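I have placed the structure first, in the form of C-alpha cells, so that the comments after it can refer back to it.
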Amino acid sequence: MAREFHKVGVVGLGTMGAGIVEVFARSGLTVLAVEKDDTALARGRAHLEGSVARGVERGKLTTEEQAALLDRVSFGTDLSVMADVDLVVEAVPEQLDLKREVFNKLGSICKPETILASNTSSLSITEIAVSTDRPGKVVGMHFFNPAPVMKLVEVIRTVVTE
Ligand SMILES: NC(=O)c1ccc[n+]([C@@H]2O[C@H](COP(=O)([O-])OP(=O)(O)OC[C@H]3O[C@@H](n4cnc5c(N)ncnc54)[C@H](O)[C@@H]3O)[C@@H](O)[C@H]2O)c1
C-alpha cells in the first residue's frame with residue numbers, strides 16, 4: 001500500500017504551514033503553498049524565506065541548496081492549483097467550520113487519489129473527513145512547532161481511513 005508523494009500542497013502559511021512547506025521543500029518535494037489573500041501570502045512567504053536564510057547563516061544549508069529549496073515552492077491564493085497534488089496538508093486556524101469548508105473545496109478540486117490531511121491539534125478528524133467526497137482518504141498529520149526543527153509528526157487515522 002506504499003504511496004510515493006512528489007507534489008504536495010499546503011493550505012495556510014501561518015506559524016505551522018510555512019514551516020511545513022519548508023520541511024517538504026527541503027525533502028525535495030514540489031510544494032504548492034496557498035493562502036487566503038495576497039497580504040497573508042506575502043507574510044507566509046517572508047516567514048519561509050527568513051527561516052531558510054537563517055539555516056544558511058547557521059551553516060545548515062548552502063546558498064545553492066537555499067535557492068533549490070525555494071525554487072520548489074509555488075505560491076498562490078487560489079485552491080484550484082491543488083488539482084493534481086498527491087497530498088494536501090491543511091494548516092488554517094483551529095476552527096471546525098473553516099476546516100470543513102476547506103476540505104469540502106479540496107474534495108471537489110483534487111484528483112480522487114489525493115490524500116487530504118489536517119494539522120489540527122484538537123479537532124475531530126472524523127468531523128473534518130465527512131465534509132469531503134473521500135472520508136477514507138483523510139488523516140490527521142500533526143506537525144509540532146517549530147515544524148522545520150521537530151522530527152516528529154503524529155499521523156491520526158479515523159475508523160474509515162483507508
Ligand atoms: N501553533 C502551534 O504551535 C501549532 C502546533 C501544532 C498544530 N497547530 C495547528 O495548526 C493549525 C494552524 O495553526 P497556526 O498556529 O499555524 O495558525 P496561524 O494563525 O499562525 O496560521 C493560519 C494561517 O491560515 C491562513 N488562512 C485562514 N483562512 C484560510 C483559507 N481559507 N485558506 C488559506 N489560508 C487561510 C491565515 O491567513 C493564517 O496565515 C491549527 O489547526 C493549529 O491547531 C498549531
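The values are calculated or read from the model by the stated rules, or taken from the named source; none is laboratory data. Being a predicted model, the structure only gives us computed values, none of them experimental. No Cβ is skipped: glycine too gets one built from the backbone with ideal geometry, and neighbour counts run over all protein chains shown.
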*For the subset of the stretch 105-115 comprising residues that are of a type in the set (A, V, I, L, M) and under 14 Å from the mean Cα position of the chain (by Cα), which member is nearest to the ligand (Cβ to nearest atom)?*
106
*Among 102, 159, 149, 81, which is the only one that is away from the ligand (no atom under 13 Å from the Cβ) and either assigned to a strand (DSSP E or B) or not small (Gly, Ala, Ser) (or both)?*
159
*Return yes or no: is residue 118 of a type in the set (Ser, Thr, Tyr), within 11 Å of the ligand (Cβ to nearest atom) and under 19 Å from residue 153 (Cβ atoms)?*
yes
*Quick one: what pairs do we get from the stretch 138-151, first residue under 12 Å from residue 120 (Cα atoms), second among the polar types (S, T, N, Q) and more than 10 Å from the ligand (Cβ to nearest atom), C-beta under 8 Å, 6+ apart or different chains?*
139/158; 139/161
_Boolean, residue 86 is modelled with pLDDT of 95 or more, touching an Asp or Glu at 6+ places or on another chain (Cβ under 9 Å) and of a type outside the set (A, V, I, L, M)_ = yes
*Which one of 119, 145 is surrounded by fewer than 17 Cβ atoms within 10 Å (Cβ to Cβ) and not acidic (Asp, Glu)?*
145
*Of all residues in the stretch 105-122, how many are in a loop (DSSP other than H, G, I, E, B) and in contact with a strand residue (DSSP E or B) (Cβ under 9 Å, 6 or more places away or on another chain)?*
5
*asked:* Among the residues of the stretch 84-99, what is the count of those that are near the ligand (Cβ under 7 Å from one of its atoms), more than 10 Å from residue 11 (Cβ to Cβ) and either surrounded by 18 or more Cβ atoms within 10 Å (Cβ to Cβ) or touching a residue at least 12 places away in the same chain (Cβ under 8 Å) (or both)?
replied: 2
*From the list 88, 139, pick out the single residue that is in contact with a Leu (Cβ under 6 Å, 6 or more places away or on another chain) and assigned to a strand (DSSP E or B).*
88
*What are the residues in the stretch 5-47 that are near the ligand (Cβ under 10 Å from one of its atoms) and part of a helix (DSSP H, G or I), if any?*
15, 16, 17, 18, 19, 20, 39, 40, 41, 43, 44, 47
*Boolean, residue 56 is farther than 26 Å from residue 138 by Cβ, more than 11 Å from the ligand (Cβ to nearest atom) and in contact with a Ser or Thr (Cβ under 7 Å, 6 or more places away or on another chain)*: yes
*Tell me, yes or no, whether the stretch 123-139 has at least one residue that is on the phi > 0 side of the Ramachandran plot and more than 10 Å from the ligand (Cβ to nearest atom).*
no
